[in-house]
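This report concerns only the one structure given below.
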Amino acid sequence: MRFADVIGDKGLKERLIRMVEHKRLSHAILFREEPNGGGLAFALALGQYVNCRHRSDGDSCGICPTCNQFQKLIHPDLHFAFPVNSSREVAESQKGRPISDHFLDNWRELVLNDPYFTEQDLYDAIGIDNKSGNISVHEARRIIERLQLRSFEADYKVMVIWLPEKMNQECSNKLLKLLEEPPTGTLFLLVSQAPEKLLATIRSRCQLIEIPPMSAEQHQSKPQEPLQEPVEYRDMLTGLIEAGISKKLIDTFAIWEALSEMGREKQKEFCIYSEKFIRKIYMTSQGLEQIAGIFDQEESQIRDLASRIKPDFYEKALSAFDRTISAIESNTNSKLTFCDLSNRLLLYL
C-alpha cells in the first residue's frame with residue numbers, strides 16, 4: 001500500500017515520511033487508532049515505503065518487485081501477528097496452539113478487500129465464531145524464530161502486530177526482550193486501539209504515534225463501507241428503551257437473551273453503538289441535532305424518543321453501558337450482564 005492510497009491525515013503521512021528520510025525512524029512504532037481508524041493502512045504504507053528502492057515524491061513507487069509483493073502482502077520479509085483462537089478453518093492438529101500463520105490466507109483476503117476492518121470482521125473472516133482472539137506465547141515463539149533469520153531481500157524485516165493489547169502476559173514478557181534488543185534491520189509496527197493495556201515496558205520501547213479520527217468524508221471514501229448504522233442494533237436498543245418507557249419488563253426478555261447469545265465483540269459493538277445513539281437522542285433533546293451526526297433513516301425515531309425520555313436518563317444510561325462493556329471484557333456471565341443492563345435501563349426511564 002502506498003501512502004497515496006491511505007485514507008487519513010495528510011500531516012501524519014508527511015511526518016512518517018520525514019522520519020524515514022531524516023533517519024529518525026524508531027525500530028518500534030506504536031500506532032494508536034480508534035476502531036477501524038486506519039492504523040493498519042498507515043503501518044502497511046510505512047513498511048512498503050522503507051523497503052522501496054525507488055521511492056520518490058514522498059511515496060513508494062508502487063511498481064518495483066518489492067512494492068508489488070508488499071501490496072499483495074506476500075513479501076518474505078513482511079510478517080503478521082493478530083488475535084486468533086481455535087477455529088473450524090484449521091486442522092485438528094493445529095487447534096490446540098493456533099497462531100496467525102494458520103489464518104494468513106483469510107487475513108490477506110480481509111486486508112486486501114478493506115484494511116479498515118473491525119476486530120469482529122477479523123473473527124468472522126477466520127471463523128472463530130463467538131470466541132475472542134488472543135496473541136499467545138506460541139505466537140511470540142514464532143515471531144522470534146522469523147525475526148532471528150536474515151532478511152531475504154528487503155532492507156527491513158517488517159513485523160506488523162495488529163491489536164497487541166490482545167497479547168497475554170507470557171507472550172508480552174517473551175517479546176519484551178526482542179523489543180529491547182531487536183535483530184538488525186527489524187521494524188516493529190504495532191497497531192493498537194488500547195495501548196494502555198500493554199505492559200508499560202513494551203510501551204516505553206515504542207514510539208507512540210496517534211492517528212487522528214477520520215472525518216465523515218474520509219469514512220465515506222473507505223471501501224465497501226456505507227456511512228450508516230446497523231439496523232439490528234438500533235432495533236434492539238430502541239426495543240429496550242420503549243419497554244422501559246412503558247414499564248413492560250416482559251418485553252425486554254427476548255432482547256437481552258438475544259444479546260447474551262452474541263459473541264463478545266458483537267456485544268461490545270452493540271454497547272458502543274448504543275452509547276452513540278443515546279448521545280444523539282440527548283443532543284436532539286437539547287436542540288443540537290444539526291451537529292449530532294444523525295442519519296436520515298434514524299432521524300424520526302430519535303426525535304420521537306428525545307421528546308419522551310427524562311433528562312436524568314442519559315448520564316445513568318451511559319454509565320450502565322460502560323459497566324456492561326467492563327463486564328463483557330471480564331468474561332462475566334452474558335445472561336446476567338444483559339439482564340442487569342435491561343433492568344437498569346427500565347428503572348432509569
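None of the figures in this text is laboratory data; all of them are computed from the coordinates on show. Keep in mind it's a predicted model, so treat the numbers as computed, not measured. Backbone-built Cβ (ideal geometry, glycine too); neighbour counts: all protein chains shown.
Which percent, nearest 5, of DSSP beta bridges in the chain are antiparallel? Mind showing how you got there, number by number?
Numbers: 2 of 22 bridges.
Rounded to the nearest five, the antiparallel share is 10 percent.
Could you give the angle, 0 to 90 degrees to the nearest 10, between helix 313-329's Cα long axis and the longest principal axis of the Cα atoms of the chain?
Approximately 50 degrees, to the nearest ten.
Among the aspartates and glutamates, which have Cα under 16 Å from the Cα of K276 when same-chain residues fewer than 8 positions away are ignored?
E34, E229, E232, D235, E289, D296, E298, E299, E315, D322
Need one word for segment 219-349: rounded, prolate or oblate. Basis is the Cα gyration tensor (sqrt eigenvalues a ≥ b ≥ c); a/c below 1.5 gives rounded, then a/b vs b/c decides. Walk me through the numbers on the way to the answer.
Working: a/c = 1.78, a/b = 1.17, b/c = 1.53.
Judged from the Cα gyration tensor, segment 219-349 comes out oblate (a/c at least 1.5, b/c at or above a/b).
Which order do V160, V231 fall in if you start with the one that has the fewest other Cβ atoms within 10 Å? Can you show the working numbers first?
On the way: V160 24, V231 10.
In increasing order of surrounding Cβ atoms, one gets V231, V160.
Towards the positive end of the charge dipole of the chain, with charges on Cβ (+1 Lys, Arg; -1 Asp, Glu), say which of C64, I302, S151 has the farthest Cα.
S151
With a cap of 12 neighbouring Cβ atoms within 10 Å, and only residues DSSP puts in a loop, list the trypsin sites (Lys or Arg not before Pro) found in segment 95-166. Walk me through the numbers on the way to the answer.
Numbers: sites: K95, R108, K131, R141, R142, R146, R150, K157, K166; in loops: K95, K131, R150.
Listed in order of number, the matching sites are R150.
Using Cα pairs closer than 8 Å and at least 6 residues apart in sequence, work out the relative contact order for segment 264-349, in percent. Mind dumping the intermediate values first?
Details: 56 pairs, mean separation 29.4, N = 86.
That works out to 34 percent.
Check each of the GluC sites (Glu not before Pro) in segment 148-187 and keep only those in coil by DSSP with at most 14 other C-beta atoms within 10 angstrom; list them in order. Please list the in-between numbers first.
On the way: sites: E153, E165, E170, E180; in loops: E153.
Within segment 148-187, the qualifying GluC sites (Glu not before Pro) (loop, at most 14 other Cβ atoms within 10 Å) are E153.
Run the helix sum for the chain: -39,500 (n - 2.57) per DSSP H stretch of 4+ residues, divided by residue count, reported at 222 nm to the nearest 500 deg cm²/dmol. Don't skip to the answer; put the middle values down first.
Details: 15 runs with 170 residues, N = 349.
That calculation yields -15000 deg cm²/dmol at 222 nm.
Filter K166/K268; K13/K166; K131/K268; K13/K177; K131/K166; K280/K310 down to the pairs with a C-alpha to C-alpha distance above 18 Å, please.
Values: K166/K268 15 Å; K13/K166 27 Å; K131/K268 13 Å; K13/K177 30 Å; K131/K166 13 Å; K280/K310 15 Å.
Correct reply: K13/K166; K13/K177.
In what order do I63, I281, I325 fall by count of nearby beta-carbon atoms within 10 Å, going from fewest to most? Please report the intermediate quantities before stating the final value.
On the way: I63 11, I281 27, I325 16.
Neighbour counts put them in this order, fewest first: I63, I325, I281.
Which length gain, in nm to one decimal place, applies between E181 and R303 when the Cα-Cα distance is subtracted from 0.36 nm times their residue separation? List each step's numbers first, then the result.
On the way: separation 122, 0.36 × 122 = 43.92 nm, distance 5.75 nm.
Length difference between fully extended and current span is 38.2 nm.
Can you pull out the trypsin sites (Lys or Arg not before Pro) in segment 234-292 that DSSP calls coil and that have at most 13 other Cβ atoms within 10 Å?
Details: sites: R234, K247, K248, R264, K266, K268, K276, R279, K280; in loops: K247, K248.
Here the sparse-neighbourhood loop sites are K247, K248.
Once you keep just the Cα pairs under 8 angstrom separated by 6 or more residues, what percentage relative contact order results for segment 18-91?
Values: 34 pairs, mean separation 11.6, N = 74.
Reported as a whole number, the value is 16 percent.
If I model a spin label as a point 7 Å beyond the Cα along the Cα-Cβ vector, how far apart are those points for S204 and R150 in nm?
Between S204 and R150, the label points sit 3.5 nm apart.
Please report H75, H138, H54 as a ranked list, fewest other C-beta atoms within 10 angstrom at the top and most at the bottom.
Result, fewest neighbours first: H54, H138, H75.
Place a +1 charge on the Cβ of each Lys and Arg in the chain and a -1 charge on the Cβ of each Asp and Glu, then give the dipole magnitude about the Cα centre in debye, rounded to the nearest 20.
Details: 44 positive and 51 negative charges, 213 e Å.
Roughly 1020 debye, rounded to the nearest 20.
What do you get for the angle between helix 264-285 and the principal long axis of the chain? Use alpha-carbon atoms, 0 to 90 degrees, nearest ten.
So the inclination is approximately 60 degrees.
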